[in-house]
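This report concerns only the one structure given below.
Only the coordinates and a few stated rules stand behind these numbers; no lab work does. Treat the numbers as computed from the prediction; the structure is a model and nothing was measured. Every residue, glycine as well, gets a Cβ built from its backbone with ideal geometry; the counts of neighbours run over all protein chains shown.
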Protein chains: 2
Amino acid sequence: MAVYTEINDEELNDFLADYDLGGVLSYKGIAEGVENSNYLLQTDRGSFILTLFEKRTKPEDLPFFLALMDHLAAAGFACPTPIHGRDGVALRTVAGRPAAIVSFLNGVWPRRIQPHHTADLGEAVARMHRAGDSFGETRPNDLGLAQWRPLYDQVAGRADEIAAGLSAEISAELDALEANWPKGLPTGIIHADLFPDNVFFIGGEFSGIIDFYFACTDAYAYELAICLNAWCFEADNSFNITKARQMLAGYQKVRELEGGELAALTWLARGAAMRFLLTRLYDWFNHPAGALGARKDPREYLAKLRFHQGLSGPGAYGLDH
Amino acid sequence: MAVYTEINDEELNDFLADYDLGGVLSYKGIAEGVENSNYLLQTDRGSFILTLFEKRTKPEDLPFFLALMDHLAAAGFACPTPIHGRDGVALRTVAGRPAAIVSFLNGVWPRRIQPHHTADLGEAVARMHRAGDSFGETRPNDLGLAQWRPLYDQVAGRADEIAAGLSAEISAELDALEANWPKGLPTGIIHADLFPDNVFFIGGEFSGIIDFYFACTDAYAYELAICLNAWCFEADNSFNITKARQMLAGYQKVRELEGGELAALTWLARGAAMRFLLTRLYDWFNHPAGALGARKDPREYLAKLRFHQGLSGPGAYGLDH
């Protein structure tokens, strides 16, 4: 649940005076998202999302994110479109926070993932990667391999509180990841946070992707590794190969994976599990219980990491290789 | 922030199959309200609020609340209208909770109260009281005088943690309230929870009242006492007589207060302060910090109680008497 910054009516009216959105009919804080404050804004002209950027999102990255959404939407990919003020500017300030308004994207994120969801997801991700091809800007992944050990250093002293021996286990895995991390894979714009709550469906059909505030330049196949973890495990942390097979097949309907990408997939999946294991550990120790709604359990990503460690190749993901 | 119960897509679809609302375009939890879980639901047919009733709201009271909203809306008062299913039923169950859908009421609640807000509020409250006159049902106020001492008994042992001597101070005030509580005042349907976040405005004009889940039969003037506390104090707990005068004048444009109501107002305001002081104390001690967002400070209502204790008559509220 996320509304960290309250906006009062005068601040909102002053802010909206720079836009051509008509009169405000309502605005309500949305109890979704964990990084930023989101308001659903309804005006004479329609529905919009007003986002106030908090903590993890660096203000200097915001022009990249907004330009990317402009680009993807213009390329026909279904995502929120930044609303520009009368002066053409999309990034402003309200209540002391960087803020932007984007168009409201209809759809519902799937609470119970079915294989048809992952099939649609795979295809949509490939279309998003294709649409990003012509985007001229780049942004390094600031939660990539090079950042994992510094993150680890901040949680190493307490990690064993979560699971016995966890600190040593992570350290050994970081050694392995640093030694084996795939190089030379096809790269481009990836979303980098494609959890189910960022992917919308209407009546079972894919309707769009939201929340591009982790987007960066990285290996396309790393995006699929994140999705394998976020979409293809059941609540008991068992892996669902049907969902994985459907996702990868959906992706390859639009963009075929190269041999090097397939061979790299288990290492990418281990790295993707490590990235979320580390940030969840960091959040666990740095936010008092309940302060931001339920903390996410790091052990979920430990279980996923261990699953990938046990694999000999991408066949376990439903690929013939 | 309030979404205590998550609904998955299948549960929502099953639930909506009993309605004639068209396909779901989106539903998002709303980070407002502290008692129930609220979702903003958008369908082919428009915007709606889906409420799942939690804790303080007793299921057996829900038919009263929904019938009241039906009645007030039919009488032309601006409030959410319960949406009835194809079978005529408005109260159902989803995700194990009693649930109802109501129409979406446009408007924004005022974060910074101005005197024109309280003037509009007073007039709207009187119109609501008038509209409730012809409602055939009654419900006792289950947070009224008789319930305060049992509530006190649950917090008495810890109240001094909030302010030195608070337990004895409340006990003495309860004695005074029980000895002096006004009787024989005009009664009818009151909202009983008219805080600013339940009163909407569009472009500075009153647009409606929401959240009737504390509504009950009680003295009309007690409603005004609740509003004096909730709308007419500044953030530093100083009383703003201009806001009070405007509110009472607005009310009397529609329904003139009787002499007995005016004379009773200081006692009613002390009682209204006591009611919220006690429930805030209860919540303070019974919810871990942060679990439900910020706890509301009981001391705010202690300051308001002490203000009213110091008054000799309703002149302090801007009334000539």
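The range A:248-287 and the range B:177-212 have Cα centres lying 54 Å from one another. Where in the range B:77-103 is the amide nitrogen less than 16 Å from a point lying 7 Å along the Cα-to-Cβ axis of residue B:4? Taking a point 7 Å out along Cα→Cβ of residue B:4, the residues of the range B:77-103 whose backbone N falls under 16 Å are B:94-100. Under the combined filter of DSSP loop state and at most 12 neighbouring Cβ atoms within 10 Å, the range A:1-72 retains these trypsin sites (Lys or Arg not before Pro): A:55. Distances between equivalent label points of residue A:103 across the copies, with each point positioned 7 Å along Cα→Cβ, amount to 2.9 nm, shortest listed first. For a test of the definition: using alpha carbon positions, the gyration tensor, and the 1.5 limit on a/c, classify chain B as rounded, prolate or oblate. Verdict is prolate for chain B. By the count of neighbouring beta-carbon atoms within 10 Å, fewest first, A:14, A:9 end up ordered A:14, A:9.
Which shape class, rounded, prolate or oblate, goes with the range B:1-76 when its Cα gyration tensor gives a ≥ b ≥ c as root eigenvalues, a/c under 1.5 marks rounded, and past that a/b bigger than b/c marks prolate? Numbers along the way, then the final one.
On the way: a/c = 1.68, a/b = 1.15, b/c = 1.46.
Oblate, since a/c reaches 1.5 and b/c is not below a/b.
Whole-Hz Karplus values for the range A:231-248 come out as 10, 10, 10, 7, 4, 8, 6, 7, 8, 9, 5, 5, 5, 5, 4, 5, 5, 5 Hz, taken residue by residue from phi with 6.51 cos²θ - 1.76 cosθ + 1.60 and θ = phi - 60°; glycine and proline positions read x. The helix-based estimate of mean residue ellipticity at 222 nm for the protein assembly as shown, built from -39,500 (n - 2.57) per DSSP H run of four or more residues and divided by its residue count, is -13500 deg cm²/dmol to the nearest 500. Residue by residue along A:19-31, Cβ atoms of other protein chains within 10 Å of the local Cβ number 6 on average. Label-point distances for residue B:75 to the equivalent site in the other copies, using a point 7 angstrom along Cα→C-beta, read 5.9 nm when ranked shortest first. Need one word for the range B:192-278: rounded, prolate or oblate. Basis is the Cα gyration tensor (sqrt eigenvalues a ≥ b ≥ c); a/c below 1.5 gives rounded, then a/b vs b/c decides. Rounded.
Please give the average number of partner chain Cβ atoms lying within 10 Å of the Cβ of each residue in B:106-117, rounded to a whole number.
Per residue, the number of nearby Cβ atoms from other chains is 3 on average.
Per-residue Karplus couplings for the range A:254-265, computed as 6.51 cos²θ - 1.76 cosθ + 1.60 with θ equal to phi - 60°, are listed in order as 10, 9, 6, 6, 7, x, x, 5, 5, 5, 7, 4 Hz, Gly and Pro entered as x. Across the range B:99-104, coupling constants 3J(HN,Hα) worked out from phi with the 6.51/-1.76/1.60 Karplus curve, θ = phi - 60°, read 8, 8, 10, 10, 5, 7 Hz, and Gly and Pro carry x. Segment residue B:296..residue B:58, full-extension length gain: 83.5 nm, with 0.36 nm per residue of separation and the alpha-carbon distance subtracted. Counting only DSSP beta bridges whose two residues both lie in the protein assembly as shown, roughly 95 percent are antiparallel. Placing a label point 7 Å from Cα along the Cα-to-Cβ direction at residue A:252 gives distances to the equivalent points in the other copies of 8.1 nm, listed shortest first.
Peptides A:138-144, B:240-246: what's the order by average Cβ count within 10 Å, highest mean first? List each step's numbers first, then the result.
Working: A:138-144: 15.3, B:240-246: 19.9.
Peptide ranking by packing, descending: B:240-246, A:138-144.
Peptide A:210-221 has a mean of 0 when you count, residue by residue, the C-beta atoms of other protein chains within 10 Å of its C-beta.
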